[in-house]
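Step one of this worksheet: look at the structure below.
The values are calculated or read from the model by the stated rules, or taken from the named source; none is laboratory data. Predicted model, so just to flag it, every value in this text is computed and none were measured. Neighbour counts are summed over all protein chains in view; Cβ atoms, including those assigned to glycine, are modelled from backbone coordinates with ideal geometry. These accessible areas exclude ligands, DNA and RNA; they are computed on the full protein's heavy atoms, side chains included. Shrake-Rupley method; radii C 1.70, N 1.55, O 1.52, S 1.80 Å.
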Amino acid sequence: MIKPLSLGNLHFPINLIQGPLAGISCAPFRQLTWRYSQPAFSCTEMVSCKTLLHHPILAQRRYIHKDSTEGPVCFQLAGSDPIEVGEAAKMVTDCGADLIDLNCGCPVPKIRRKGAGSSLLTAPQQLYQLIYALKQNTHLPVSIKIRVQGNSSEQFNHEIAKVVSDAGADFLVVHGRHWTEHYETPCNHEQIQFFVEQLKIPVIGNGDIACINSLKKMFATGCAGVMVARAGVGQPWLIKKLIAEMRAEQFDMPSNFEIGQVFIEHVAGLIELLQHEKFAILQSRKFAKYYARTLTNKLAFCSEVNNCETFDILKNICSQYFNLDSVVGSRFLTQHLASSRYVKI
């Protein structure tokens, strides 16, 4: 199941991918994922084509910065106008993108009102034009990330499969839920399998990947690769762990001390990227709970982080909850922190 993956003109040694996550998957997150797991590639946050084309460079930095220490990156665009999508494709190609994805699954109302995201699933002619615009303006592999029709009244799976194929997309990423469904609704593996069977291009399965059993279930659809999403937050080693388990190899889990150090590095990287300490601290509140998975006093930790406004205070909080004052020898950190320019132990 773990095997090489070919997408367009690119070839990757493994077929596990770190997916896009709003508010999280900018460069510092991707750097950590690459260092600890080395997935086939990681995805940026979804970025509006209008933001890329019309906002100041500083406002774009969070979305388009690609660090020299990270691996291959897929830039995910959102848009509804073929001209803007084409121009944005040129821009991210010049910024160092390795692949480009068009978001066709975002359920957020303000995105749908603009005719982007999941609203494109019921606008096949417009979607065709957008895929065509991408292909005409970049030499990079182009993908579309969609949601399935699920049990809704919107019956679009067959038409979307035809549009994606006819327009020339290089691969398709399928999240196994309808855009109205939340995470408590199980991933629909049968509808992911439908796209695998209908298309000649590679299909990447996405939805609920957090452990070896969920990974095996996704691979059972016949998909060429699997995209990990939320589960990778707070544990950038997850993909490496899954690979080790699939190969029946040993994987040494990090200690709480080590997890705390990685959380601090993540926030430090955000401060450097955003060039704004307070904003980075506010952003860190969104993912602190994921780093706190193994803490017995998780709620207390998250409460203190939510009231924190400076990096020094955040480091003190982490020192208390992750026992960072008791520095001990760490094979896990020694193996992975050599390239860090944010945190020194």
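Kindly give the semi-axes, whole Å and largest first, of the ellipsoid equivalent to segment 36-92, taking each as the square root of 5 times a Cα gyration tensor eigenvalue. Don't skip to the answer; put the middle values down first.
Details: eigenvalues 101, 34, 14 Å².
Working through the eigenvalues yields semi-axes of 22, 13, 8 Å.
Where the convex hull is taken over the Cα atoms of the chain, what is its projected area averaged over directions, in nm²?
Working: hull surface 66.5 nm².
Over all viewing directions, the chain projects a mean Cα-hull area of 16.6 nm².
Quick check on the chain: of the DSSP beta bridges with both residues there, what percent are antiparallel, nearest 5%?
Values: 3 of 32 bridges.
Taking every DSSP beta bridge within the chain, about 10 percent pair in antiparallel fashion.
Cβ under 14 Å from ASN297's Cβ, ASN297 left aside: what net charge do those residues give with Lys, Arg +1 and Asp, Glu -1?
Values: positive: LYS289, ARG293, LYS298; negative: GLU304.
Once all neighbours under 14 Å are counted, the net charge is +2.
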For the Cα atoms of the chain, what angle does the longest principal axis make with the long axis of helix 311-321, in degrees from 0 to 90, nearest 10? 70
Do any trypsin sites (Lys or Arg not before Pro) in segment 81-172 lie in a DSSP loop with no more than 13 other beta carbon atoms within 10 Å, and if so, which? none
Note down the relative contact order for the chain as a percent, whole number, built from C-alpha pairs under 8 angstrom at least six residues apart. 15
Reduced to Cα centres, the span from segment 86-105 to segment 153-199 in Å works out to 21
Comparing ARG62, ARG247, ARG30, which has the greatest mean-square fluctuation in the GNM of the chain with Cα pairs linked when under 10 Å apart? ARG247
Expressed in angstrom, Rg and Dmax over the Cα atoms of segment 222-318 are 15.3, 48
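I'd like to compare 274-286, 73-85, 213-225: which one has the highest average count of other Cβ atoms within 10 Å, and what's the full order after that? Please list the in-between numbers first.
Numbers: 274-286: 16.3, 73-85: 23.2, 213-225: 18.7.
Packing order, densest peptide first, comes out as 73-85, 213-225, 274-286.
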Ignoring everything except DSSP H segments at least 4 long, calculate the 222 nm mean residue ellipticity for the chain; use -39,500 (n - 2.57) per segment, divide by total residues, nearest 500. -13000 deg cm²/dmol
Of LYS90/LYS240; LYS66/LYS135; LYS3/LYS110, which pairs sit farther than 27 Å apart, going by alpha carbon to alpha carbon? LYS90/LYS240; LYS3/LYS110
Hey, what's segment 151-220 come to in accessible area per residue, 1.4 Å probe, Å²? 49
If you fit an axis through the alpha-carbon atoms of helix 27-37 and take the longest principal axis of the Cα set of the chain, what angle between them do you get, 0 to 90°, nearest 10? 80
Report, in degrees rounded to the nearest 10, the 0 to 90 angle that the Cα long axis of helix 189-198 makes with the longest principal axis of the chain. 50
Rounded to whole Hz, the Karplus (6.51, -1.76, 1.60) HN-Hα couplings of segment 6-23, x for glycine and proline: 10, 10, x, 9, 10, 10, 10, x, 9, 10, 10, 10, 9, x, x, 9, 4, x
Net charge within 13 Å of GLN275 by Cβ-Cβ distance, Lys/Arg positive one each and Asp/Glu negative one each, not counting GLN275 itself? +1
